[in-house]
Amino acid sequence: MNNEIIYSVVAIGIGLLMVIMAVIAILNKKLSVAIIAAGVVSLFASVLFLLMSAPDVAMTEAAIGSGLSTLIFFYVLNKIKRQNA
Amino acid sequence: MGNIVIYISITMLILTLLAGLIRFVKGPSIVDRVVGFDSMTITSLVMIGVIAYLSNRAIYLDVAVVYGLLSFLGVIIVAKYIQGGL
Amino acid sequence: MKTKNIFISFLVLLIGWFLLTWTLDMKSVLIGIGLTGMLAILFCGSCTIFSEIKLTPKAFAYTFIYLIVFMGELVKANIDVTRRVLSPSLPINPGIVKVETRLKSKMARLILANSITLTPGTFTLEVHDDAFYIHWIDVKHAEEAQATEDLVRKFEKILEEMYG
Amino acid sequence: MEIIGQIFLLIGSFSLMTAAVGLLRMPDVYNRVQTGTKASTLGAIMSFIGLAFMTYENWGEVNWVGRFLVLVIFILITNPVSSHVLMRAAYAMKIPLSKLTVVDKLKEDINNKVLEEPKDE
């Protein structure tokens, strides 16, 4: 019973942080900052999946959303910059 | 007794996440933002550990291991991007 | 040289296997030994990072002493940085100083630089030949000799015994 | 046993919070990296050790200690590397040091042509 209270508090706090991060990712002018913000959203989403007792989904979210997509976004951004300059 | 300790440490962890968020919003350069990201990552690792202890399932710690590995990769990628090569 | 590197890599991988499986079941142990041995033979012949470790009892004893000294320094420096951060006037005095090291082996230099980085308050910023450039949060001595005496010597004495 | 674990967990969380305060108060990037990433290293290690002590009841059946040890070793290895890379990138971007800075030997040596500037590789 006590655990439920702690879980709700953590979930509400992390949800608020996720919303703020998503707004930053949309509104910011610099692309690199937006990519890092998207990575942070992915990180908090993985913690939320863990709170809903789904460790496999959390692991996949951490691997794909935070690791692989950040790598690919930065790789493509680097290529685009090289071609424009 | 045990619950009070958990309450206090969870409060401290959420405050730490909030401080990382403030540094992320304010940070004048990109390196400040990456430092905020790193701090938030380590705090979330500890938070995953606390959640695993509360729900008494050791399998949750595997997520923390995977996440620690991939966040290290992310910081290295951003630093390489700043320095120009990738 | 090469066989020693393969053997130490095998030991490290096997310790990792035991930490992750946490069982002494016969089948699991055999599979672990087979897998880690194969990995060590296939991939660890060309990189020679472990080949400088000495496998003598004296080196093991000094490794334990090093771990204890390092943990003590870590806690002491953390208390110092905590005091600095929490005091209202923020008494910091940062700067970049240059120190020299006498160590020759690559592994010992890696451990020294990582130890300096992990101790809060000091930070290895650049390595060039024998010189380490260190960002120090509270510069006490700007000259090279004094700074070396303060920062490097306490780790270097033990590392010299470990790696020769 | 459980009391020891709780004390460790409290010290660890307090150390993490100190790192966060340092992240907010420090004047320039280099000092922020100093306090932000490394006080949090000790905080995370202390918290993991405390949690490992707190789960002592079922050490035999379930693998708690091994996973916590893997996490601690992993943080000890990767954290100095990532923060060092980050700080080198900050120096290569030529982010200025704060006004409180006393001495900068690296800049002097670059100006004296002792070594070349750290930049693109």
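The values are calculated or read from the model by the stated rules, or taken from the named source; none is laboratory data. Owing to the predicted nature of the structure, the values given are computational and were not obtained by experimental measurement. All Cβ positions, glycine included, derive from the backbone under ideal geometry; neighbour counts span all protein chains shown. Please note that ligands, DNA and RNA were not included when accessible areas were found on the heavy atoms of the full protein model with its side chains. Shrake-Rupley method; radii C 1.70, N 1.55, O 1.52, S 1.80 Å.
Helix-only arithmetic for chain B: the sum of -39500 (n - 2.57) across DSSP H runs with n ≥ 4, divided by the residue total, places the mean residue ellipticity at 222 nm at -31000 deg cm²/dmol.
Taking the Cα centre of the stretch A:2-84 as origin, work out the dipole magnitude from +1 charges on Lys and Arg Cβ and -1 charges on Asp and Glu Cβ, in debye rounded to 20.
Details: 5 positive and 3 negative charges, 144 e Å.
It comes to approximately 700 debye.
Placing a label point 7 Å from the Cα of C:Ser87 along the Cα-to-Cβ direction, the residues of the stretch C:114-133 whose backbone N falls under 18 Å from that point are C:120-122.
In µm²/s, what is D for chain B at 25 °C and 0.890 mPa s, where D = kT/(6 pi eta Rh) by Stokes-Einstein and Rh is the Kirkwood radius from Cα pairs?
Values: Rh = 14.3 Å.
Taking Rh from Cα pairs, D becomes 171 µm²/s.
Please report the relative contact order for chain A, taking Cα pairs under 8 Å with a sequence separation of at least 6, and give it as a percent rounded to a whole number. Let's see the in-between values first.
On the way: 56 pairs, mean separation 20.6, N = 85.
It comes to 24 percent, rounded to a whole number.
Send over the Kirkwood Rh of the stretch C:2-52, from the inverse of the averaged 1/r over different Cα pairs, rounded to one decimal Å. Show your work: numbers first, answer last.
Details: mean 1/r = 0.0897 Å⁻¹.
Taking the inverse mean of 1/r over all distinct Cα pairs, the stretch C:2-52 comes out at 11.2 Å.
Along its principal axes, chain A has C-alpha extents of 60, 26, 10 angstrom, given from the largest down.
With charges set only on the Cβ (+1 for Lys and Arg, -1 for Asp and Glu), what does the dipole of the stretch B:2-83 come to about its Cα centre, in debye to the nearest 20?
140
How tilted is helix A:69-84 with respect to the longest principal axis of chain A? Cα atoms for both, answer in degrees (0 to 90, nearest 10). Tilt of helix A:69-84: around 20 degrees.
Ignoring any ligand, DNA or RNA, what whole percent of the accessible area of chain B comes from carbon and sulfur when the probe is 1.4 angstrom?
Details: 1890 of 2600 Å².
Of all accessible area on chain B, carbon and sulfur atoms account for 73 percent.
At 20 Å minimum axial length over the Cα atoms and a Kyte-Doolittle cut of 1.6, report the qualifying DSSP H helices in chain B, or say none. Working shown, then result.
On the way: long enough: B:2-26 (36 Å, 1.79); B:30-55 (37 Å, 1.45); B:60-83 (36 Å, 1.65).
What comes out of the filter, once short or polar helices are dropped, is B:2-26, B:60-83.
With distances taken between every two different alpha-carbon atoms, chain C has a Kirkwood hydrodynamic radius of 18.4 Å. Backbone geometry of the stretch C:19-29 corresponds, through the Karplus equation with coefficients 6.51, -1.76 and 1.60 at θ = phi - 60°, to 3J(HN,Hα) couplings of 5, 7, 8, 6, 8, 10, 5, 4, 5, 4, 5 Hz, x marking Gly and Pro. With only the Cα atoms considered, the stretch D:2-96 has a convex hull volume of 70 Å³ per residue. Here C:Ile49 and B:Leu69 are evaluated by their C-beta separation; at R0 = 22 Å the FRET efficiency comes out at 0.65. The Rg/Rh ratio for the stretch C:96-164 is 0.93, where Rg is the radius of gyration of the alpha carbons and Rh is the Kirkwood radius.
Using the Kirkwood formula over every pair of different C-alpha atoms, what hydrodynamic radius in Å results for the protein assembly as shown? Can you show the working numbers first?
Numbers: mean 1/r = 0.0430 Å⁻¹.
In the protein assembly as shown this quantity evaluates to 23.3 Å.
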